[in-house]
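Heads up, the thing below is written out as structure tokens.
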Amino acid sequence: MNTLQPVGADARLEIEIRRKSFEASRGGSIDVLHDLDFAVEQNEFACLIGPSGCGKTTTLRLLLGLDRDFEGRIKLPGAGEPRIGMVFQEPVLLPWRTVEENVRLALPKALHGRSLDHLFDALGLGKMRAFYPGELSLGLARRAALARALAIEPDLLVLDEPFVSLDEATAQQLRHLLLQVWSERPTTVLMVTHNLQEAIMLADRIIVLSPRPSHVVGSFLIRVPRQSRNAQVRSDILRSFHERFPTQL
Amino acid sequence: MSSFLLGTSSQGRTDKAAPGRNWGPLLTVAASIVVLAVAWQLTATLWPSRAFPPPLDVLRVMIRETASGEIPYHLAITLCRVAAAFLLAIVIGSAIGIFLGSHPRADRFLDPWVILSLNVPALVVIVLAYIWFGLNEVAAIGAVAFNKIPNVIVTMREGTRALDLRYADMAKVYRFGAFARLRHVLLPQLQPYLAAASRSGISLIWKIVLVVELLGRSNGVGFQINLYFQLFDVAAILAYTLAFVCVMLLIEILLVQPLEHASTRWRRRAT
């Protein structure tokens, strides 16, 4: 008994999951999510943070429609069939298609044949369009995955730890690229991360989840504009985050 | 990253194909065939027998029968049967294999059927097909295809079990249509299994087609071989066999290998 209904006028992402459980291999069931409620406003950049195994990726799978076996309701932003741009933990590019083909295959009919020059250039992929994913470094493959998610002009951008297992310099470069492209065409973003520093750099709001069965412990609004978040400001934000959520990393 | 950019065009790509063709392996193959022919000629000269004609006699029969149109006619008939049985086996076997690979419960139920049909001797299937459906083309091609289908099922089932579900998730999120999913997600992943099934399929099928022709058709290479067996004409038997093997080799070189080459292009460029 779940509903996954896109509603026209309202551009918020609303998640109300009463219960999501998995069957254990030894019988019985494990509750992963319980009364998990939150919303992401239009063009808001929200980060979902929580302990390992608390069901962050499960939440994303539910809202992507990859798993429909749950109790509750998810309302996607955007009219009609909302477009969701997804960046998975791994790039998940088709190895037998070039970078450009990978991006073009994801385009909805309305955007077929659109020029991708600006996007590829903005992400530094201009010279990589004809490469196969196997020829790219992980950082470049991540950029290609980001290009694919942004090319469809998404109503909702979902990022599942998109910068994990990159060296810090590359990850930081990618974060800046993401912010730059996103600020050109803002859209609603939900990003899962383990990296609190990253969340403080990117997000308008950090949503903190409890251990399993997961629910929202609280949400932390960051009002400082991104361009003003220098090292000192970030460390102040981090301190006040820790004061509010002392058990979080 | 900068190493990618060295010497690349504006599209960022250079072909890695060698400028000149390497003839070494081809010469080795040619030398190997010549040595085989010479050894055959020597053996046939040292121990002359009607049952073991020298290669030149076989070649003479081959030329004579080709000129009279006999070899091309029977070869064409056999090739049509091979192609029809091959297509049937690959299409039906792949469909069942993919279904079983993605539906474990159906697979558990039908697995004994697959094992049973894997172990039914080809000859039994052929004889039963001729008895049940009569000595006709449908029975002949159906029997050959039936012999191959279980092998295709098993190979494609393995391929389907090995599918990477992340690509399916990605295709779902980005709303790929059914055709795009098949063409860009499913088939490229199944390609190595399809290639293996096709390769072993074609070599098995043409051998069984000859048996089918021998038992119940009035044309084709198998029928001719049976005819010359009655006449004890070993040179003609070898002539037909060689002609057929040559055609199958040509198919392998001109069709199968280039197709495989094209479909695995991305693998070679990836480092």
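The values are calculated or read from the model by the stated rules, or taken from the named source; none is laboratory data. The structure presented is a predicted model; accordingly, all values stated were derived computationally and were not measured. All Cβ positions, glycine included, derive from the backbone under ideal geometry; neighbour counts span all protein chains shown. Calculation scope for accessible area: heavy atoms of the full protein, side chains included, ligands and nucleic acids excluded. Shrake-Rupley method; radii C 1.70, N 1.55, O 1.52, S 1.80 Å.
Structure values in brief
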read-out	value
Quarter of Cα convex hull surface for segment B:66-202, i.e. mean projection, nm²	10.7
Within chain A, helix-based [θ] at 222 nm, where runs of 4 or more DSSP H residues each add -39,500 (n - 2.57), nearest 500	-9000 deg cm²/dmol
Descending principal axes extents, the protein assembly as shown, alpha-carbon based, whole Å	100, 57, 40
Loop trypsin sites (Lys or Arg not before Pro), segment B:34-110, which have at most 15 other Cβ atoms in a 10 Å radius of their Cβ (DSSP)	B:ARG50
Estimated distance in nm for a label pair at B:LEU116 and A:ARG239, the labels positioned 7 Å out from Cα along Cα-to-Cβ	7.8
Cα-based Rg and Dmax for segment A:160-249, where Dmax is the largest Cα-Cα distance (Å)	13.4, 38
Amide H within-cut-off set for A:VAL32, under 5 Å, with H built and near neighbours excluded	A:LYS20, A:SER21, A:PHE22
Buried solvent-accessible surface, both chains (B, A), 1.4 Å probe, Å² to nearest 100	3000
HN-Hα J in Hz across segment B:228-245 - Karplus 6.51, -1.76, 1.60, θ = phi - 60°, x for Gly and Pro	6, 5, 4, 7, 6, 9, 5, 4, 5, 4, 5, 4, 5, 4, 4, 4, 5, 4
Residue-normalised accessible area of the protein assembly as shown, expressed per residue, 1.4 Å probe, Å²	51
Span from the segment B:78-121 Cα centroid across to the segment A:176-232 one, whole angstrom	52
Under 16 Å from the Cα of A:LYS127 - aspartates and glutamates, other chains or at least 8 residues apart	A:GLU100, A:GLU101, A:ASP117, A:GLU135, B:ASP15
At most 14 other Cβ within 10 Å, DSSP loop - chymotrypsin sites (Phe, Trp or Tyr not before Pro), segment A:46-98	none
Area of B:ILE251 that stays accessible when all protein chains are in place (1.4 Å probe, Å², to 10)	50
Kirkwood-based Rg to Rh ratio, segment B:221-267, C-alpha trace	1.32
Portion, in percent, of the accessible area of the protein assembly as shown that falls on carbon or sulfur, probe 1.4 Å	63
Fluctuation leader among B:ILE96, B:ILE153, B:ILE33 - chain B, Gaussian network, Cα springs under 10 angstrom	B:ILE33
Taking only Cα atoms of segment B:129-271, radius of gyration then Dmax in Å	20.3, 67
Cα-Cα separations in chain B greater than 36 Å, expressed as whole percent	34
Rounded to 5, the percent of DSSP beta bridges in the protein assembly as shown classed as antiparallel	50
P(r) weight above 33 Å for chain A, C-alpha pairs, percent	20
Within straight-line cross-link reach of A:LYS20, lysines at Cα separation under 29 Å, skipping those fewer than 8 residues along the same chain	A:LYS56, A:LYS75, B:LYS172
In Hz, Karplus ³J(HN,Hα) per residue of segment B:40-49 (6.51, -1.76, 1.60; θ = phi - 60°; x = Gly, Pro)	4, 4, 4, 4, 5, 6, 5, 10, x, 7
Exposure ranking of B:THR241, B:THR78 by accessible area [1.4 Å probe, largest first]	B:THR241, B:THR78
Where only alpha carbons of segment B:33-146 are counted, the Rg and the Dmax (Å)	21.6, 63
For segment A:1-102, average projected area of the Cα convex hull in nm²	8.8
Number of partner chain Cβ atoms within 10 Å, mean per residue of A:93-106	4
B:LYS148, B:LYS207, ranked by accessible area, largest first (probe 1.4 Å)	B:LYS207, B:LYS148
Within 10 Å of each Cβ in B:169-182, the average number of Cβ atoms from other chains	5
Exposed-loop-free span, longest in chain A, where trypsin sites (Lys or Arg not before Pro) count as exposed if DSSP calls them loop and at most 12 other C-beta atoms lie within 10 Å	A:69-222
Sum of -39500 (n - 2.57) over DSSP H runs of 4+, divided by residues of chain B (222 nm, nearest 500)	-25000 deg cm²/dmol
Whole-Å distance, taken between Cα centres, linking segment B:143-170 and segment A:81-112	26
For residues of B:37-43, the mean tally of beta carbons on other chains within 10 Å	0
Accessible surface ranking that places the most exposed of B:TRP113, B:TRP266 first, with a 1.4 angstrom probe	B:TRP113, B:TRP266
Karplus-derived HN-Hα couplings along segment A:86-98 (A = 6.51, B = -1.76, C = 1.60, θ = phi - 60°), whole Hz, x at Gly and Pro	10, 10, 6, 4, 9, x, 6, 9, 5, x, 8, 10, 6
